[in-house]
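Report on the structure given below.
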Amino acid sequence: MQRPLPPLNALRAFEAAARLGSFKAAAAELHVTHGAVSQHVRLLEEWLGAPLFERHNRRVVLTPAARAYLAEIGPAFEQVAAATARYGATGDAEPRVLRVNGPATFALRWLVPRLANFQQQYPGVEIRLKTSNEPVEALQDTYDIIIRGGPDTFYGYAMRPFLTEERLPVCRPALLDRLPLRSPRDLIHHTLLHTSSLPRIWGDWLAKAGVADLKPVTTLTLDHFYLTLQAALDGIGVAMGPTALIADDLACGRLAAPFAGPLLPARSYCTYVPEAKEADTLVVAFRSWLEREAAGLVSEGLKDPDR
């Protein structure tokens, strides 16, 4: 008996649009036009006899029924992608290698703690991760995926944002027991932790908080952002923490955010993939995995979704 499957191209368009929250982003991932995605989604809606998206000007929102549908078919797409990547890896004499380049702080604080999840899904894949802050066009070596801030445009590369964040003051909870922070003005009694490559962050936040004239008791400047965050974890002072990279520390109580706001905007993390590699099965799988991991922060309420 033939199984009553919906049109697979329509199903693929729906899954991409629902996962990315955008018809435009889905079109870029699938290498089709925005109109083609819209047409496929409409075909699936007709096949199912129910709407899947609510259209609001330039953005789309899943209906409750569509969210439930995505929750069931999404893992099926992940299984197909994982099986395909594994088959490709085991079919070669050597394991598939994925060359990734990303900023050191991002790799240390966000990517590496999550890589075990990817390796469980793709056990035949060898990831070679190198950290660097060089601009995309200045890199000497060849990489399958480059992670940098953005969104920016580089000739020969396909860009997609996957993780947004803001910055706010954070410190070790024990520090607040000794020197409470009831208002931004109380920062005058603390050591403010700076990063030499980001000299304006504290000044921008203090101005936004209405205390631009604040002079702390002392400051400490370090040359790498991950050292600044480590100093905050060690209770040395207060750092400007990027919400995406400290989400795990906040959840586990290693860090505390004494103020709900203001939040200082920061650039998104984006993947930059050479156009020649954009359709590679393993590249697509890793890119999609990054987006699912970032979407997990949204579902946990750690940041707002970027439509």
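Residues in region 1-18 that are modelled with pLDDT under 80 and touching a helix residue (DSSP H, G or I) at 6+ places or on another chain (Cβ under 9 Å): Leu5 only. Residues that are surrounded by 17 or more Cβ atoms within 10 Å (Cβ to Cβ) and in contact (Cβ under 8 Å) with a residue 40 or more places away in the chain were ranked within region 214-232; the one that is nearest to Leu187 (Cα to Cα) is Ala232. For region 233-282, a residue qualifies if it is over 25 Å from Ala212 (Cα atoms), surrounded by fewer than 21 Cβ atoms within 10 Å (Cβ to Cβ) and β-branched (Val, Ile, Thr), and exactly one does: Thr281. The criterion of at least 2 residues that are closer than 15 Å to Thr63 by Cβ is met by the following helices (runs of 4 or more DSSP H) wholly inside region 3-50: 8-20, 34-48. Residue count for region 24-59 under the criterion of being at pLDDT below 85, in contact with a strand residue (DSSP E or B) (Cβ under 8 Å, 6 or more places away or on another chain) and not charged (D, E, K, R): the result is 2.
Listed by first and then second residue, the pairs linking a residue in region 276-296 that is under 14 Å from Arg114 (Cβ atoms) to a residue that is in a helix (DSSP H, G or I) and at pLDDT 90 or above, with Cβ atoms under 6 Å apart and 6 or more places separating them unless they lie on different chains, are Trp289/Phe118; Glu293/Arg114.
Scan region 244-255 and tell me whether some residue there is in a helix (DSSP H, G or I), over 19 Å from the mean Cα position of the chain (by Cα), free of Cβ contacts under 8 Å to residues at least 24 places away in the same chain and closer than 19 Å to Leu175 by Cα.
Taking region 244-255 and keeping what is in a helix (DSSP H, G or I), we get 244-252.
From what's left, over 19 Å from the mean Cα position of the chain (by Cα): 252.
Retained after the next criterion (residues that are free of Cβ contacts under 8 Å to residues at least 24 places away in the same chain): 252.
Narrowing the set further to residues that are closer than 19 Å to Leu175 by Cα leaves 252.
Looking through region 244-255, at least one residue is in a helix (DSSP H, G or I), over 19 Å from the mean Cα position of the chain (by Cα), free of Cβ contacts under 8 Å to residues at least 24 places away in the same chain and closer than 19 Å to Leu175 by Cα.
Considering the conditions (1) in the same structural domain as Val273 (by TED's automatic domain parsing); (2) touching a Lys or Arg at 6+ places or on another chain (Cβ under 9 Å), Leu115 is excluded by exactly one of them, (2). Does Ser183 satisfy the condition of being exposed (fewer than 14 other Cβ atoms within 10 Å of the Cβ), on the phi < 0 side of the Ramachandran plot and in contact with an Asp or Glu (Cβ under 6 Å, 6 or more places away or on another chain)? No, not satisfied. Among the residues making up region 142-178, those that are among the hydrophobic types (A, V, I, L, M, F, W, C) and under 24 Å from Lys208 (Cβ atoms) are Leu163, Leu168, Val170, Cys171, Leu175, Leu176. Would region 122-138 turn up any residue that is surrounded by fewer than 18 Cβ atoms within 10 Å (Cβ to Cβ) and under 19 Å from Ala247 (Cα atoms)? For region 122-138, residues surrounded by fewer than 18 Cβ atoms within 10 Å (Cβ to Cβ) and under 19 Å from Ala247 (Cα atoms): absent.
The values are calculated or read from the model by the stated rules, or taken from the named source; none is laboratory data. Remember, predicted model here, so these are calculated numbers, not experimental data. Using ideal geometry, Cβ is built from the backbone for each residue, glycine included, and neighbour counts are taken over all protein chains shown.
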